[in-house]
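Undergrad: I am attaching a structure below and will ask some questions about it afterwards.
Where a number appears in this text, it was derived from the coordinates with a stated rule and is not lab data. Everything numeric in this text was worked out from a predicted model, so none of it was measured. For neighbour counting, all protein chains shown are included, and Cβ atoms are generated from backbone atoms with ideal geometry for every residue, glycine included.
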Amino acid sequence: ATPVAMIASIGASARRGLLIKGGKYLEALAKADVVLLDKTGTLTLGRPQITDVVLLHGSDLEPDCLLALAATAERYSEHPLAEAVRTAAADRRLALAEPEDFEAIPGKGVRVRIDGRTIAVGSRRLFPEGALPNEAFELQEQGKTLLFVERDGQPIGILAATDTLRPEVPGAIAELRKMGIEHLELLTGDNELTAAALAKPLDIHYRANLLPDDKIAIVKEHQARGRVVVMIGDGVNDAPALAQADVGIAMGAAGSGVAIEAAHIALMREDWTLVPEVMHIARRTMKAVK
Ligand code: ADP
Ligand code: MG
């Protein structure tokens with residue numbers, strides 16, 4: 001049976017905006033020694049803004065056409081970057097067409113048919129063969145996330161986006177360190193330079209260019225070393241890693257329903273101070289149980 005102290009903690013936590021799905025997760029959390037973090041929507045606000053629209057060599061389009069095409073492709077994607085593309089198109093009052101055969105490729109992007117042509121938007125991983133154009137390097141060095149746009153297999157343009165660090169993150173990470181969490185690691189599907197731009201000022205480890213399966217493999221790698229692993233994420237693509245972790249924490253309020261479902265704890269307020277708070281609650285509860 002679940003000890004009374006645990007039930008009381010779970011009830012009190014719910015009123016604070018922390019949904020804890022069982023006493024065993026408090027038990028695991030009290031012993032946690034590794035914290036893994038997703039980037040977009042977790043460390044950042046997940047409301048990226050499109051800053052650049054770059055036509056690639058050989059493209060026959062105007063910048064607005066490229067943006068409209070990308071927004072049409074992203075019309076039904078739940079990804080925060082898709083929302084950024086749609087917002088940029090709406091800001092310029094661009095009309096969107098109806099995409100056909102919508103396909104979301106987790107951790108990579110989307111692919112659709114528009115007017116009989118195949119349009120893909122996403123990370124470089126969606127286009128393994130293509131060499132990176134010069135424009136792309138400059139944008140990446142500014143810490144921007146790149147979205148490549150491809151038509152019938154030909155790269156036609158690049159959109160760049162920036163996102164903002166959640167303001168409570170530096171304080172929350174400092175608190176986790178004070179609590180003895182030594183290994184904090186950013187896991188992202190985004191590129192190396194963007195990952196470094198975020199991780200270095202926070203002094204945390206990072207791994208970039210990851211696919212959802214890579215995130216699970218990294219959780220398992222830490223578990224194989226006998227560590228108790230916490231994973232914090234928000235997206236559909238984080239769900240498998242959240243489920244694999246000893247304690248998966250979903251940024252609930254902003255995150256996808258799939259992530260909330262897969263996680264063991266959901267933050268129902270978009271507030272990183274809840275992360276060290278739930279760890280303190282777990283430790284106090286386990287002291288009371290013993
Ligand atoms: P993170 O791990 O930072 O949360 P994701 O795994 O969700 O990022 O995405 C990794 C990369 O895949 C993004 O940086 C982006 O380049 C690309 N991507 C994923 N989904 C989309 C989409 N719907 N539109 C454009 N790009 C996407
Ligand atoms: Mg994310």
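Undergrad: How much net charge surrounds residue 276 when only other residues with a Cβ under 12 Å from its Cβ are counted (Lys, Arg +1; Asp, Glu -1)?
TA: Working: positive: 177, 178, 283; negative: 168, 175, 271, 277.
Value of the local net charge: -1.
Undergrad: Continuing with this model, one more query. Under the 0.36 nm per residue contour assumption, what length would be gained going from the current alpha-carbon distance of residue 220 and residue 192 to full extension? Walk me through the numbers on the way to the answer.
TA: Numbers: separation 28, 0.36 × 28 = 10.08 nm, distance 2.20 nm.
Value of the extension gain: 7.9 nm.
Undergrad: Using only DSSP helix segments of four residues or longer, with each worth -39500 (n - 2.57), what per-residue ellipticity at 222 nm results for the chain after dividing by its residue count and rounding to 500?
TA: Numbers: 11 runs with 113 residues, N = 290.
After summing the helix terms and dividing by the residues of the chain, the value is -11500 deg cm²/dmol.
Undergrad: Going highest first, how would you order 271-280, 164-173, 34-43 by mean Cβ packing within 10 Å?
TA: Details: 271-280: 19.8, 164-173: 15.4, 34-43: 25.3.
The packing order, highest mean first, is 34-43, 271-280, 164-173.
Undergrad: Tell me the relative contact order for the chain as a rounded percent, counting alpha carbon contacts under 8 Å between residues six or more apart.
TA: Details: 592 pairs, mean separation 73.7, N = 290.
It rounds to 25 percent for the chain.
Undergrad: How charged is the neighbourhood of residue 53? Take every other residue with its Cβ under 13 Å from the Cβ of residue 53, and add Lys/Arg as +1 and Asp/Glu as -1. Present the calculation step by step, with values, prior to reporting the outcome.
TA: Values: positive: 92, 144; negative: 52, 62, 64, 91, 135.
In short, -3.
Undergrad: Something else now. Please list, by residue number, everything in segment 266-290 whose backbone N is under 15 Å from a paramagnetic label point 7 Å out along Cα→Cβ of residue 4.
TA: Backbone N within reach: 288-290.
Undergrad: Please list 3J(HN,Hα) in residue order for segment 260-270, calculated via the Karplus relation 6.51 cos²θ - 1.76 cosθ + 1.60 where θ = phi - 60°; whole Hz, with x for glycine and proline.
TA: Once θ is set to phi - 60°, the couplings for segment 260-270 become 4, 4, 6, 6, 9, 9, 10, 8, 7, 10, 7 Hz.
Undergrad: Would you give the gap between the C-alpha center of segment 180-197 and the C-alpha center of segment 133-153, rounded to a whole Å?
TA: Rounded to whole Å, the Cα centres lie 20 Å apart.
Undergrad: Same structure, new question: Full-extension gain between residue 90 and residue 168, please, as 0.36 nm times their residue separation minus the C-alpha to C-alpha distance.
TA: Values: separation 78, 0.36 × 78 = 28.08 nm, distance 3.02 nm.
Length gained between residue 90 and residue 168: 25.1 nm.
Undergrad: Compute, for segment 169-231, the length of the dipole vector about the Cα centre, with Cβ point charges of +1 (Lys, Arg) and -1 (Asp, Glu) only. Units Debye, rounded to 20.
TA: So the dipole magnitude of segment 169-231 works out to roughly 220 debye.
Undergrad: R0 = 35 Å: FRET efficiency of residue 154 with residue 200, Cβ-based, nearest 0.05?
TA: The pair residue 154/residue 200 has a calculated efficiency of 0.50.
Undergrad: Which loop-located trypsin sites (Lys or Arg not before Pro) does segment 196-268 contain, where loop means any DSSP state but H, G, I, E or B and the Cβ has at most 15 other Cβ atoms within 10 Å? Spell out each step's value before the answer.
TA: Working: sites: 207, 215, 220, 225, 227; in loops: 225, 227.
Here the trypsin sites (Lys or Arg not before Pro) that fit, given the DSSP loop and packing criteria, are 225.
Undergrad: Separate question: Rounded to the nearest 20 Debye, what is the dipole magnitude of segment 166-290 about its Cα centre when Lys and Arg each give +1 and Asp and Glu each give -1 at the C-beta? Can you show the working numbers first?
TA: On the way: 14 positive and 17 negative charges, 134 e Å.
Here the size comes out at about 640 debye.
Undergrad: Roughly how many whole Å is it from the C-alpha centroid of segment 20-91 to that of segment 221-253?
TA: Using only Cα atoms to place each centre, the spacing works out to 19 Å.
Undergrad: What dipole magnitude, in Debye to the nearest 20, does segment 49-162 give about its Cα centre under +1 on Lys/Arg Cβ and -1 on Asp/Glu Cβ? Please list the in-between numbers first.
TA: Working: 12 positive and 19 negative charges, 39 e Å.
Dipole size: approximately 180 debye.
Undergrad: Now a separate question. With the contact rule set at Cα under 8 Å and sequence spacing of 6 or more, what percent relative contact order holds for segment 152-260? Please report the intermediate quantities before stating the final value.
TA: Numbers: 124 pairs, mean separation 18.1, N = 109.
Dividing the mean separation by the residue count of segment 152-260 yields 17 percent.
Undergrad: If neighbour count is taken as other Cβ atoms inside 10 Å, put 76, 206 in order from fewest to most. Walk me through the numbers before you get to the answer.
TA: Numbers: 76 14, 206 22.
So the residues, fewest neighbours to most, are 76, 206.
Undergrad: Enumerate lysine pairs in segment 132-290 that are 8 or more residues apart or on different chains, then count those whose Cα atoms are under 27 Å apart.
TA: Count of close lysine pairs: 9.
Undergrad: For helix 192-202, report the angle its Cα long axis makes with the longest principal axis of the Cα atoms of the chain; keep it between 0 and 90° and round to the nearest 10°.
TA: 40
Undergrad: If I stretch the segment between residue 76 and residue 105 completely, what's the gain in nm (0.36 nm per residue apart, minus their alpha carbon distance), one decimal? Spell out each step's value before the answer.
TA: Numbers: separation 29, 0.36 × 29 = 10.44 nm, distance 1.24 nm.
Extending this stretch completely gives an extra 9.2 nm.
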